[in-house]
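Colleague: Handing you a structure now.
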Amino acid sequence: MNINIHHTAGRLRLKLAQIRKNPARAQTIQDEARRFDGVTSAVANSVTGSLLIHYDPAQTNAGAIMRALAQAGWLPPAAVARNSASTSSLHPLAGKLLDSVAEKLIERSAIALLGALL
């Protein structure tokens with residue numbers, strides 16, 4: 001089963017082959033995802049095979065949503081286990097670290113550019 005996962009805090013997009021070109025299945029998973037605790041919206045698109053879920057990070061997380069989808073039979077448990085590291089609580093910290101590194105690099109590049117011009 002081919003699954004493409006994209007996650008940012010509060011937003012989870014899953015590309016699911018089993019809902020592509022199948023409006024009835026897309027509607028079913030959409031309705032089911034909307035019932036999960038903490039999910040604020042869920043929209044399935046049978047043309048693209050995409051399920052977009054918005055959730056309240058104070059109430060749930062992407063890992064819990066994916067586990068619930070696996071328990072309902074929509075995702076294989078192996079896909080949840082494989083992707084649990086990418087949806088962990090370390091993700092926001094890594095983003096902050098990368099932002100800090102990028103800021104320092106830009107700052108040093110600007111100083112080097114000014115030095116070269118003078």
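The values are calculated or read from the model by the stated rules, or taken from the named source; none is laboratory data. Being a predicted model, the structure only gives us computed values, none of them experimental. Note that each Cβ is placed from the backbone with ideal geometry, even for glycine, and that neighbours are counted across all protein chains shown. We work out accessible area using only protein heavy atoms, side chains counted, and drop any ligands, DNA or RNA first. Shrake-Rupley method; radii C 1.70, N 1.55, O 1.52, S 1.80 Å.
Colleague: Tell me yes or no: at least one residue of the range 40-61 is open to solvent by less than 70 Å² (accessible area, probe 1.4 Å) and in a helix (DSSP H, G or I).
Modeller: No, the range 40-61 contains no residue that is open to solvent by less than 70 Å² (accessible area, probe 1.4 Å) and in a helix (DSSP H, G or I).
Colleague: Also, I was wondering about something else. So which pairs qualify, if the first residue must be in the range 60-89 and under 16 Å from Lys15 (Cα atoms) and among the aromatic types (Phe, Trp, Tyr), the second must be open to solvent by less than 40 Å² (accessible area, probe 1.4 Å) and modelled with pLDDT of 90 or more, the Cβ gap must be under 6 Å, and the two must be at least 6 apart or on different chains?
Modeller: Partner pairs satisfying both residue conditions: Trp74/Ile29.
Colleague: Another question, then. Applying the selection to the range 62-89, what residues are modelled with pLDDT under 85 and open to solvent by 50 Å² or more (accessible area, probe 1.4 Å)? Write out each step before concluding.
Modeller: Of all residues in the range 62-89, those modelled with pLDDT under 85 come to 76-89.
Within the range 62-89, Pro77, Ala78, Ala81, Arg82, Ser84, Ala85, Ser86, Ser89 qualify.
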